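**Student:** Here's a structure for you.
The values are calculated or read from the model by the stated rules, or taken from the named source; none is laboratory data. All values derive from a computational prediction rather than experimental measurement. Cβ sites come from the backbone with ideal geometry, for glycine too, and all protein chains shown count toward neighbours.
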Amino acid sequence: MAFDIKNPETNALARKVAMAPKKIGLTEAVHAPLAHELEREQGKSPLVDLGVQFCRDLRAGGNPAKGQPADKTFRDSLYGETRWSLAPQR
């Protein structure tokens, strides 16, 4: 089964690869990189799995015994003085 590469630049690249020192056919010159790309994509973990693994690694590297509480005082300290607070002023 023949195929036609309509993009002239892509056609030229495929023919250049086919004529390279390996002297492979045009079909193999197109097939090999496509197969490689498909294998690479299928080997990737889904983004959710990567996020879950990141969280597990982060937790494994932490030490909860040394941690500070993430209470209101701590969260407020992240933003500095807040003038828009609804808490009563003393």
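**Student:** Look through segment 1-14, keep the residues that are within 30 Å of the chain's Cα centre (by Cα) and exposed (fewer than 11 other Cβ atoms within 10 Å of the Cβ), and return whichever of them is modelled with the highest pLDDT.
**Tutor:** Result: E9.
**Student:** Collect the residues in segment 43-80 that are among the charged types (D, E, K, R) and more than 29 Å from the chain's Cα centre (by Cα), keeping them in residue-number order. Walk me through it before giving the result.
**Tutor:** We begin by selecting, within segment 43-80, every residue among the charged types (D, E, K, R); these are 44, 49, 56-57, 59, 66, 71-72, 75-76.
K66, D71, K72, R75, D76 - these are the residues of segment 43-80 that are among the charged types (D, E, K, R) and more than 29 Å from the chain's Cα centre (by Cα).
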